[in-house]
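For reference, the structure discussed in these notes is given below.
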Amino acid sequence: MLRFLARILKYFPGYVAGATAKEAINVVKGLNKKGIRAQINILDEEVTSVAHAQKAAQEYCHLLDNINAHQLDACISVKLTHLGLSLPEKGREVCVSNMHQILKKARSFSMFVWVDMESSEYNQTILDMVLELNTYYDNMGLAMQAALFKSRKDVALLCKRQIPIRLCKGAYVELKHISHQSKKDISNSFKDLIVFVLLRGRSPAIATSADEEIIEFTKHMVGKYKILKSLFEFQMLLGRRKSLQKRLVKQGYQVRVYVPYGVHYLPYIKRRLMEIKRNLTQL
Ligand SMILES: Cc1cc2nc3c(=O)[nH]c(=O)nc-3n(C[C@H](O)[C@H](O)[C@H](O)COP(=O)(O)OP(=O)(O)OC[C@H]3O[C@@H](n4cnc5c(N)ncnc54)[C@H](O)[C@@H]3O)c2cc1C
């Protein structure tokens, strides 16, 4: 299966910036030239040793140094299970300590750190950890998944705490007692939450790579409520709909592209493949 997926990667050129930070930095330079911001992610998740999680934190700190040295218009996006959250023993402790390191370093450069939301298994722990870290740092934001029923309550809480939200559909297959299943229900939930974060959130991000209906809806709400284009951003994935990214920049919207790199790309590519499959079967 893994070999099959690795072979499939060849057919998705551009989804991953490359194997190294240097390659990712070059991709970001190209995006910045087009007026597009970036958020860089080191691909890996659910690590199984403390050493691996600590190495991830060091790699992120080094990446922040690099972003600063190259004066890029970029931030980072991390997965807490890459930083130790899923370790069977002391996972939370290890992850919190790693996040302190990263957030402190990012703050010293006035840089922002996005936290990806992972599968529902980790959802509440990730939310709790972000709420806890926010008492020390305000340079962080969290992704929220429109597909999950609980997101409505969580989005309200994050808005109340003025923690920036990246709103997305949700990349994980979740059970029907906790999440919307149909394209229409996910889309309706996404739209409800978009209005909520645009009106009550701090610097919200609307994350969709391909859904023009969602993008047009957002633009419409921004016009209706007279929201400044500088107060929110569209976030998209590397390798998808480049012309759409360009068009949005031309129209004066802020666009940030998610730039993943590294050798542990299989789970990421697998999620992108699942989205394509979902689109084909739901059309
Ligand atoms: C920046 C960013 C960060 C994310 N972070 C997270 C996260 O932290 N946690 C998480 O769970 N998920 C995350 N996601 C993934 C997200 O939840 C979705 O799984 C993913 O974005 C797919 O949904 P979509 O809205 O991009 O578009 P899709 O659902 O892939 O597509 C929507 C519709 O657009 C149309 N379409 C698709 N491709 C094309 C095309 N080439 N041309 C024309 N029309 C097309 C089809 O009608 C399709 O139904 C993130 C996504 C982005 C963009």
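Counting only residues that are under 18 Å from the mean Cα position of the chain (by Cα), open to solvent by 10 Å² or more (accessible area, probe 1.4 Å), under 15 Å from Asp138 (Cα atoms) and of a type outside the set (Phe, Trp, Tyr), region 79-122 holds 1 of them. Note on region 255-283: residues that are polar (S, T, N, Q) and either part of a loop (DSSP other than H, G, I, E, B) or at positive phi (or both) total 0. Of the residues examined, Glu213 is one that is in contact with a Ser or Thr (Cβ under 8 Å, 6 or more places away or on another chain) and in a helix (DSSP H, G or I). The residues in region 210-226 that are hydrophobic (A, V, I, L, M, F, W, C) and either within 12 Å of the ligand (Cβ to nearest atom) or touching a Phe, Trp or Tyr at 6+ places or on another chain (Cβ under 6 Å) (or both) can be counted, and the count is 4. Tell me, yes or no, whether region 185-197 has at least one residue that is in a loop (DSSP other than H, G, I, E, B), within 12 Å of the ligand (Cβ to nearest atom) and at negative phi. No: region 185-197 contains no residue that is in a loop (DSSP other than H, G, I, E, B), within 12 Å of the ligand (Cβ to nearest atom) and at negative phi. Against the list (1) part of a loop (DSSP other than H, G, I, E, B); (2) surrounded by 15 or more Cβ atoms within 10 Å (Cβ to Cβ); (3) not aliphatic (A, V, I, L, M), the condition Gly252 fails is (2).
Can you confirm whether region 57-64 contains a residue that is of a type in the set (Asp, Glu), open to solvent by 50 Å² or more (accessible area, probe 1.4 Å) and farther than 20 Å from His264 by Cα? Checked against the condition, which is being of a type in the set (Asp, Glu), open to solvent by 50 Å² or more (accessible area, probe 1.4 Å) and farther than 20 Å from His264 by Cα, region 57-64 yields no hits at all.
The residue that is most open to solvent (accessible area, probe 1.4 Å), counting only those in region 256-270 that are of a type outside the set (Phe, Trp, Tyr) and within 13 Å of the chain's Cα centre (by Cα), is Arg256. Among the residues of region 227-256, those that are away from the ligand (no atom under 16 Å from the Cβ) and either under 9 Å from Ser209 (Cβ atoms) or not charged (D, E, K, R) (or both) comprise Ile227, Leu228, Ser230, Leu231, Gln251, Gly252.
The values are calculated or read from the model by the stated rules, or taken from the named source; none is laboratory data. In this text the structure is predicted, and so the values were computed from the model without any measurement. Cβ coordinates were reconstructed from backbone atoms using ideal geometry, including for glycine residues, and neighbour counts include every protein chain displayed. Areas reflect the complete protein model, heavy atoms only, side chains present, ligands, DNA and RNA absent. Shrake-Rupley method; radii C 1.70, N 1.55, O 1.52, S 1.80 Å.
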